[in-house]
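These notes concern the structure reproduced below.
What follows draws every value from the coordinates through simple rules; no lab data is involved. Worth saying up front: this structure is predicted, and the values here are computed from it rather than measured. As a convention, Cβ positions derive from the backbone with ideal geometry for all residues, glycine included, and neighbour counts pool all protein chains shown.
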């Protein structure tokens, strides 16, 4: 799919630069062959065997409840399923919530499912790939404190009152994999960690700790967001990014800015282009940088990178260094996706090794 950059009418003028925001379309983090049109979603977070005893001990120490993990993991897979059904590439998506697949628990990635098991599930349900929630763990710590504050006395003046504060911090950790039985490949292995913090106050510890009553709803909401986010790893996504261009240094840079502010980017580029050979190196560098932004707006990421790199290496425009690095990373992602598409068209085996199970990046 062709890279797109859609301009948003949003500007911020600061000093010699004007900031703008673009919607840029990024290739998916995980590539699926174009003929993969069916998927199953599985929750594999049931604890098994003797490990259940350890889970109970951990629950008592950290306020981690099995019910909370069950509710959260259920919401995560259901949200992933809902998001996948919205993806037009899939003709069939099944929520396989009756699968009795177990994991050791304790917040660690389990071993991969046996391929014979993956193949059995896919054949019985007529799906091509499995999205599996492999791990779901909530770990809550609660801290208490107390302090004295002054409150108004109905009879006049103030009186000291002891106030209790309870703060809960819940670390929600999930691990996901995508299994492709046709190639016996784990297409993606992804770890996501998020924190939920709540604070409550009251005249006694029990009142302050009432904040924990809201923990379940908070976990449910975060779990749904995590499920949606993971499903989006196989979609082209629009990202809102900030760019800037120079608006001062020459008459042409100023005129180009006014053209840009009314959305006439071609007109702005005509004036910026005139300064590419300006006798002042700073002006020429700024014009080169601006032309890089113009190229990106028009979807020419390769030319944008070359111009940004030139603005830094030949003219010493400091901001162009970071911009060139951003564009270079985007070019690598686009090239990677193009390679997968070409392999797919040629019928070659595809293995996506762009996942990091440790960092989630």
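At what distance in nm do the modelled label points of residue 332 and residue 238 sit from each other, each positioned 7 Å from its Cα along Cα→Cβ?
Result: 2.8 nm between the two label points.
Highest mean first, what order results for 308-316, 196-204 on Cβ atoms within 10 Å? It would help to have the intermediate numbers written out before the result.
Details: 308-316: 18.8, 196-204: 14.1.
Sorting 308-316, 196-204 by mean packing, highest first, produces 308-316, 196-204.
Assuming 0.36 nm per residue, please report the length gained on full extension of the stretch residue 341 to residue 183 beyond their Cα-Cα distance.
Taking 0.36 nm per residue and subtracting the Cα distance, the gain is 55.3 nm.
Sort region 93-202 into rounded, prolate or oblate with this rule: let a ≥ b ≥ c be the square roots of the eigenvalues of the Cα gyration tensor; rounded if a/c is under 1.5, and if a/c is not under 1.5, prolate when a/b is larger than b/c, oblate otherwise.
Details: a/c = 5.12, a/b = 4.10, b/c = 1.25.
Prolate, since a/c reaches 1.5 and a/b exceeds b/c.
Calculate, in nm to one decimal, what residue 195 and residue 119 gain on full extension: separation in residues at 0.36 nm each, minus their alpha carbon distance.
Length gained between residue 195 and residue 119: 23.8 nm.
How long is the gain from residue 300 to residue 37 if the chain were fully straight, where each residue apart is worth 0.36 nm and the alpha carbon distance is subtracted?
91.6 nm
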